[in-house]
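Structure record follows, encoded as structure tokens.
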Amino acid sequence: MSTTCLLRGASVCAVFSLTLAVSGCGPAATEAPALPPLVKTVALSPVQAPVSGLSGTVRARVESPLAFQVGGRIAMRRVDAGQGVSAGQVLFELDKRDLDAHLQAAQADAAAAEAALALAEAELKRGEQLQQSQFISSQALERAQLARREALTRRDAAAARLRQSANTQGYGSLRAPAAGVLMEVSAQAGQVVAPGQTVAVLAQQGEREIEVFFPDNTTPAAAGRAWLPQGPVPLRLREAAASVDPLGRTRRARYTIQAPAGTLLLGALVRTEFQHAAAGTPAAMGWTVPIGALDERGQGPRIWLVQGSVAQPRAVKVIALDAEQARIAVDLPANSRIVALGTHLLQDGMAVRELAP
């Protein structure tokens, strides 16, 4: 029995020893060199020109304030705001009793002037006959000629006043100068208006525009886009105010719509975007990098430039920061590859692998 136990013990020891030997040799046989860490990189991009989003108002290309050319009391209002009108349609009528009286007076003056001219011509003809027979002097004939000339001038003046009175009577009816839509109608029947006082505003048919008010320190952009119901459409600057409005401290600009605008409601608000030109070279303007690309472990802010497969730090000057990006100044060419995330783990000259986008 003792011999058998000894043989079994020797076998167990041999198996245990072999297991230890295999376990000790395993890690040494499978060990491999460590790979460089993966890093996410981005290209250094210049600062983009600022983009401003403003509200614009749909307006007609031609908006005509309408007013009477003569004063008086409005006898009839035939239209309302928002109503479409055709060219020549009567919108308002004045009380024409005074206008009729002025016309009658002008007609009477014209008739009197004609009679006076006829009398002067008859006197001149009689004077010429008498002067030929030397019954009157040459001075008397000259007076007859001057009287005829004066009567002719008075006749011409009376005829001009008659034409003016006839035109004035026509001004008693205010007509639409073109087809369009009445945006505003401010006058009422019975109201007394002065010549030139606006009683309505007509938005003529045709081209529509977008009116935008820019802050006083912003120059209206030459182009932009508006978000209409059918999608974004391009805009082109047609005119801009030469001065700033003293009350709102804004500058008005009108933009033409460079695409079929469909049916736009006058006065509707639309969203607009304008990209303003930025002056200077990219190096002077700065570069835009993700906020995670900044490393503050050194004597100042820096970024990590990836050249080949090696990360190298570059000191930068931070110009501006926001929640996602930083604007920096650094002497590097455009599209340089920099580490965008995990810069706190890098060391100078450390080998890295760029993460495939």
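The values are calculated or read from the model by the stated rules, or taken from the named source; none is laboratory data. What you are looking at is a predicted structure, and each value in this text was computed from that prediction instead of being measured. We place every Cβ from the backbone using ideal geometry, glycine too, and count neighbours over all the protein chains shown.
Annotations for the structure displayed:
- Strands (runs of 3 or more DSSP E) within segment 55-120 that include 2 or more residues closer than 26 Å to residue 196 by Cβ and basic (Lys, Arg): 72-77
- Hits in segment 85-99 - residues which are in contact (Cβ under 8 Å) with a residue 60 or more places away in the chain and surrounded by fewer than 13 Cβ atoms within 10 Å (Cβ to Cβ): 86, 87, 88
- The residues in segment 100-122 that are farther than 18 Å from residue 164 by Cβ and surrounded by 15 or more Cβ atoms within 10 Å (Cβ to Cβ) can be counted, and the count is 4.
- The set of residues from segment 310-357 being of a type outside the set (Asp, Glu), in a strand (DSSP E or B), in contact (Cβ under 8 Å) with a residue 40 or more places away in the chain and over 10 Å from residue 287 (Cα atoms) comprises 310, 311, 337, 338, 339, 350, 351, 353.
- Note on segment 237-260: residues that are surrounded by fewer than 16 Cβ atoms within 10 Å (Cβ to Cβ) and not β-branched (Val, Ile, Thr) total 13.
- Selection status of residue 72, more than 30 Å from residue 235 (Cβ to Cβ), under 60 Å from the mean Cα position of the chain (by Cα) and surrounded by 15 or more Cβ atoms within 10 Å (Cβ to Cβ): yes
- Residue 203 being surrounded by fewer than 18 Cβ atoms within 10 Å (Cβ to Cβ) and among the hydrophobic types (A, V, I, L, M, F, W, C): no
- Among residues that are closer than 14 Å to residue 42 by Cα, at pLDDT 85 or above and in the same structural domain as residue 44 (by TED's automatic domain parsing), residue 340 is included.
So that you can scan it fast, the table gives a plain yes or no per residue for (1) of a type in the set (D, E, K, R); (2) touching a residue at least 24 places away in the same chain (Cβ under 8 Å); (3) outside the structural domain of residue 110 (by TED's automatic domain parsing):
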| residue | (1), (2), (3) |
| --- | --- |
| 153 | no, no, no |
| 159 | no, yes, no |
| 162 | no, yes, no |
| 165 | no, yes, no |
| 181 | no, yes, yes |
| 186 | no, no, yes |
| 191 | no, yes, yes |
| 198 | no, yes, yes |
| 213 | no, yes, yes |
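- Residue, nearest to residue 157 (Cα to Cα), within segment 93-119, restricted to residues that are under 53 Å from the mean Cα position of the chain (by Cα) and of a type in the set (Asp, Glu): 100
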